[in-house]
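The structure under discussion appears below in the form of structure tokens.
The values are calculated or read from the model by the stated rules, or taken from the named source; none is laboratory data. Because the structure is a prediction, the values reported are computed rather than measured. Note that each Cβ is placed from the backbone with ideal geometry, even for glycine, and that neighbours are counted across all protein chains shown.
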Amino acid sequence: MSLAKRSRHGRTAGIPALLLAVLAVTTALAGGPAQAAEPLTLHELAAAQGKYVGSATDNPELSDAPYAAILGSEFGRITPGNSMKWDATEPQQGRFTFERGDAITDFARAHGQGVRGHTLVWHSQLPGWVAALPPEQVESAMTNHIAQVAGHYRGAVEAWDVVNEPFNEDGTFRAGPFLDAMGSDYIATALRAAHAADPDADLYINDYNTDGLGAKSDGMYRLVSELVAEGVPIDGVGFQSHLAVQYGFPEGMRQNLQRFADLGLDVAVTELDVRMQLPADPAKLATQAGYYQRVFEACLAVTRCEGVTVWDYTDKYSWVPGAFPGQGAATLYDENLLPKPVYGTVRTALGGDDGGGGGPGTLKAQYRTQDQATGDNQIKPVLNLVNTGDTPVDLSTVTVRYWFSGEAGAASYTTWCDWSPLGCGTVTHRVVAADTPKAGADHHLDVGFTGGTLAPGAATGDIQLRLNKTDWSNFDEADDYSRGTGTSYTDAPKIAVHIGGALAWGIEP
Ligand code: G2I
């Protein structure tokens, strides 16, 4: 909607970030201090193009300080994952509780963020008393709920998911107390009640599996076309975008968003994540990165697309493993709150660098073996690091992990650098025991550098490493997580590279 409306929350307007970007460029042109500018955040990158990047969150997570720091800095809008739902706000008829939702709006205000209110009318997380009402009382219960909740958050919420998930997969209306009592008119009634309670909020209908063209999104299209024609107050349509690598990318997502925009409505991606069957592997992660990229590109390509919200930004708090046992790895940050390579993909899709000045995704590890003996008393990995980014990487911020199993014998190790064009004096090496030992990975060789810079496109060349147990007992390398058999260099996704503590390459065991 209008910029004037949006400027209620400073961070959601595009202008400050644009200015910031201009200032950063100006400083560089003026030959200012060599110190690298702070990379723009995801939200700042998006805001420079008139969009927002948001994240879902929830009350228990806000007491996790490192989590909250990233939530507050990297994202421009937040959505309460649970605390504004009916069961949270009106657990008993007429008794309203706003403490948890207020904690979310307080957090947003303190961090200059907007809030997507979620959600006023939904068949799920609905307290039992609603379904138990006689049909003739459902409408007044619904309009009262909306008046109280949207009224309470008036001025604090940018946009409301007024009606959530009203459709079946075939595009017909989903059954529930509201449809049963009022027919599909409940949707218009809910929108009118929300408009009366908060005339400034953008009012959305939100659903999943409507992201691409198909029967379900056709149902949504028919509904909102009628609402617009009838003058019902509706501002936008939300596309949840809970995707999975095993189900393919929604067909025609950009065209789908555009046809709703062409009705004169805003659109938004409201709950993006891309799950996969665990364990993750390079092929699944590549598919996932492609899906994230295409979703962001679709939003950027549609002028009326307001922004993209991820359904929490870290695997630490993703809903996926709880709802789909065996699946996960669906978000941008790992369980240790480190940005994953897909974070860099999203940055690039938003027109930024992939993490900036040593950020994620700028180094890759290659590996070759010169050790065909898997049962002797030494392990001899040869590594090559390549700078795939467009900024120099300070090697003193880089660490590399090669995982192996120690087997029986001494628990202490000796490590060696046999040769490197960097000079073995600049290469540090030690063996670290895993906190959580895994098969083939109860230890790793940890490699670092005392200094040096790797220019864009440059490679370190051979780093020839060797380790043994102090009792010189044998290894069985055949099952070692990071070991490969190739004698010439290939990309090594099972060797991890961290830059400044953030995972830049590889998959941990
Ligand atoms: O299911 C994913 C999302 C699909 N679209 C609508 C969203 O509202 C929905 O969000 C999720 C929350 O992220 C979960 O956190 O909605 C789930 C329930 O439908 C939420 O899960 C529930 C658990 O099922 C409960 O056991 C738990 O008590 O979260 C509750 C609060 O943590």
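Structure values in brief
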| read-out | value |
| --- | --- |
| Failed criterion for Gly155 (all others in (1) on the phi < 0 side of the Ramachandran plot; (2) out of contact with any Lys or Arg (no Cβ under 7 Å at 6 or more places or on another chain) hold) | (1) |
| Members of the range 155-178 that are farther than 25 Å from Glu99 by Cβ and surrounded by fewer than 17 Cβ atoms within 10 Å (Cβ to Cβ) | Asn168, Glu169, Asp170, Thr172, Phe173, Arg174, Ala175 |
| Which listed residue, of Ala196, Ala190, is crowded, with 22+ Cβ neighbours inside 10 Å and within 19 Å of Thr143 (Cβ to Cβ) | Ala190 |
| Residue within the range 42-55 that is within 16 Å of the ligand (Cβ to nearest atom) and either among the small types (Gly, Ala, Ser) or touching a residue at least 12 places away in the same chain (Cβ under 8 Å) (or both) present | yes |
| Checking Phe475 against (1) under 33 Å from the mean Cα position of the chain (by Cα); (2) assigned to a loop (DSSP other than H, G, I, E, B); (3) among the hydrophobic types (A, V, I, L, M, F, W, C), the condition it does not meet | (1) |
| Residues (outside any helix (DSSP H, G or I) and in contact with a Lys or Arg (Cβ under 9 Å, 6 or more places away or on another chain)) located in the range 57-74 | Asp58, Asp64 |
| Residue list for the range 178-193, filter: part of a helix (DSSP H, G or I) and more than 16 Å from Tyr204 (Cα to Cα) | Phe178, Leu179, Asp180, Ala181, Met182 |
| Residue, nearest to the ligand (Cβ to nearest atom), within the range 206-215, restricted to residues that are in contact with a Gly (Cβ under 7 Å, 6 or more places away or on another chain) and closer than 29 Å to Gly114 by Cα | Asn206 |
| Where Glu407 falls short, out of the listed (1) under 23 Å from Gln372 (Cβ atoms); (2) modelled with pLDDT of 95 or more; (3) surrounded by fewer than 20 Cβ atoms within 10 Å (Cβ to Cβ) | (2) |
| Residue check, Ala244 within 16 Å of the ligand (Cβ to nearest atom), more than 25 Å from Gly50 (Cα to Cα) and in contact (Cβ under 8 Å) with a residue 40 or more places away in the chain | yes |
| Selected residue [acidic (Asp, Glu) and in a strand (DSSP E or B)] from Asp390, Asp353, Asp418 | Asp418 |
| Residue list for the range 340-354, filter: within 15 Å of His43 (Cα to Cα) and not aliphatic (A, V, I, L, M) | Tyr343, Gly344, Thr345, Arg347, Thr348, Gly351, Gly352, Asp353, Asp354 |
| Residue list for the range 84-136, filter: without any contact (Cβ under 8 Å) to a residue 40 or more places away in the chain, in a helix (DSSP H, G or I) and either surrounded by 13 or more Cβ atoms within 10 Å (Cβ to Cβ) or away from the ligand (no atom under 16 Å from the Cβ) (or both) | Ala88, Asp102, Asp106, Ala110, Trp129 |
| Only one of Ala283, Ala298, Ala196 that is assigned to a helix (DSSP H, G or I) and without any contact (Cβ under 8 Å) to a residue 24 or more places away in the chain | Ala283 |
| Tabulated pairs, the range 307-332, first within 13 Å of the ligand (Cβ to nearest atom), second part of a strand (DSSP E or B) and among the β-branched types (Val, Ile, Thr), C-beta under 7 angstrom, 6+ apart or interchain | Thr309/Thr79; Thr309/Val269; Thr309/Thr270; Asp312/Thr57; Ala330/Val274; Thr331/Val310; Thr331/Thr314 |
| Any hit, the range 216-227, residues being part of a loop (DSSP other than H, G, I, E, B) and not hydroxyl-bearing (Ser, Thr, Tyr) | no |
| The lone exception for Cys417 - which of (1) at pLDDT below 95; (2) at negative phi; (3) not aromatic (Phe, Trp, Tyr) it fails | (1) |
| His152 within 22 Å of Asp198 (Cα to Cα) and surrounded by fewer than 22 Cβ atoms within 10 Å (Cβ to Cβ) | yes |
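Residue-by-condition table, conditions (1) more than 16 Å from the ligand (Cβ to nearest atom); (2) over 32 Å from the mean Cα position of the chain (by Cα):
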site	(1), (2)
Trp160	no, no
Asn164	no, no
Asp170	yes, no
Arg174	no, no
Leu179	yes, yes
Ile187	yes, no
Ala193	yes, yes
Ala196	yes, yes
Pro199	yes, no
